1. Kindly sort 248, 224 by accessible area of their heavy atoms, largest first, with the probe set to 1.4 Å.
2. Can you send over the carbon and sulfur percentage of the accessible area for the range 49-149, probe radius 1.4 Å, protein chains only?
3. Would you calculate the separation in nanometres between label points at residue 76 and residue 37, each defined as 7 Å from the Cα along the Cα-to-beta-carbon direction?
4. What shape does the range 356-398 have by the C-alpha gyration tensor, where a ≥ b ≥ c are the square roots of the eigenvalues, rounded means a/c under 1.5, and otherwise prolate means a/b greater than b/c and oblate the rest?
5. I want to check the label-to-label distance for residue 227 and residue 301. Put each point 7 Å from Cα in the C-beta direction and report it in nm to one decimal.
6. What is the dipole size for the range 145-228, taken about its Cα centre, with +1 at each Lys and Arg Cβ and -1 at each Asp and Glu Cβ, in debye to the nearest 20?
7. Expressed in nm to one decimal, what extension gain is obtained for the pair residue 53 and residue 97 from 0.36 nm per residue of sequence separation less their Cα-Cα distance?
8. So what are the ³J(HN,Hα) numbers for the range 333-345, from phi and the Karplus equation (6.51, -1.76, 1.60; θ = phi - 60°), rounded to whole Hz, Gly and Pro as x?
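The values are calculated or read from the model by the stated rules, or taken from the named source; none is laboratory data. Predicted model, so just to flag it, every value in this text is computed and none were measured. Cβ placement follows ideal geometry from the backbone for every residue including glycine, while neighbour counts extend to all protein chains displayed. Only protein heavy atoms, including side chains, enter the accessible area calculation; ligands, DNA and RNA are left aside. Shrake-Rupley method; radii C 1.70, N 1.55, O 1.52, S 1.80 Å.
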Amino acid sequence: MSCLFGSGSALAYTGAKWNLPEGVTEMSHEVHHLHMFVFWICVVIGIVVFGAMFYSVFAHRKSKGAVAASFHESTLVEIIWTAIPFVILIGMAIPAAATLVKMDDTHNADINIKITGYQWKWQYEYLGEDVSYFSTLAAESNRARQLNSGIDVYTVPNYLVDVDHPLVLPVGKKIRFLITSNDVIHAWWVPAFAVKKDAIPGYINEVWTKIDEPGTFRGVCAELCGRDHGFMPIVVKALPEDEFKAWLAEQKSKGTEVASAAPVAAAPVPAAVAVAAAAPAATEVAAAAPAAAAPAAAGKSKDELLAAGEKVYKTNCIACHQAGGTGMPPTFPPLAGSKVVNGPKDAVIQQVLHGKNMMPPFPQLSNDDIAAVTSYVHSSWGNKGEIVQAGDVAAARK
């Protein structure tokens, strides 16, 4: 039931009602017009076909003494009912093909953004600008979605379709997206832009948009990508060009580190994507940078760390590693009795920060949260790892 409600909420907030949204881009308007053109053709066909059927049934019913005709095939009739659908299909195919050609024309873009899908978040990299960050489900929605949270989801603004760090884009500029995935197949979909592309591991899909008006536009992952598929929304904030430039300058001033990935190719190049997908080892979330750079707080007691760590674990880790730390082998190995968990604390901190294999990175978590959840994992299910403080995490980020 909660999944159905979440899906309905997401559809409502992404603009889907009874018809295809017109959107805020030239392409979305063109797609909408094409959709309505085909829709009305279908309406006319339906009226003609069903009208003829109903008239025939009514006017030639047996009670009026109608007798069934006994003729066979008619060459003229067959030519007519073959030619008419052919003409209709050609009439629809020509404008549809022209629209598809425009949608695939990513040349002469003003901005290039690489989008990488993770279970369950998005990473946005402004290529050539040294700005990169992760975008995850907003904390308020994340708390409300937890089982027995006690929170009325109707009181949560933009429930399940809000994020901590939206993708910020300028208005009036051609923006080229390079979309890939770090783990499984995702799909980046923003209805207001008429943009939906699969994010496939080892492959780069290209698409573009040019936003006509400022505002906040929401989307969702449109591919069933795992247990928490419904909890990786997309939020795009479109700003006037001068405001976007100011925002971009601010992100650069924060000293955001970008993964040292190989340049992204314009065409599908699996090797380049593999390098890019493995690169987040040095990536930090732009908005999380102040927390990482702040002086480490005084060490907390073990009880404080475990209490806080349990909350972080239930919010971010339980879906894959399960409540008892048993994991879901072979994709998500158990934490209980793990050699890594019971080994040096630095190895676990690095894995939380940078991810490994199917595990996505979590650099957006604060130093305190990572210290708490690492300590909790180290001390639960019979594990005998070390207690971790925020200062240990701060040192590992450098």
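1. Sorted by accessible area, descending: 224, 248.
2. Details: 4410 of 6650 Å².
Accessible surface attributable to carbon and sulfur in the range 49-149 totals 66 percent.
3. Each label point is offset 7 Å from its Cα along the Cβ direction, giving 3.3 nm.
4. Numbers: a/c = 2.09, a/b = 1.21, b/c = 1.73.
Since a/c reaches 1.5 but b/c is at least a/b, the shape of the range 356-398 is classed as oblate.
5. A separation of 3.3 nm, rounded to one decimal place.
6. On the way: 9 positive and 10 negative charges, 60 e Å.
Approximately 280 debye in magnitude.
7. Separation in residues times 0.36 nm, less the Cα-Cα distance, equals 12.5 nm.
8. x, x, 8, 5, x, 5, 5, 5, 5, 8, x, x, 5
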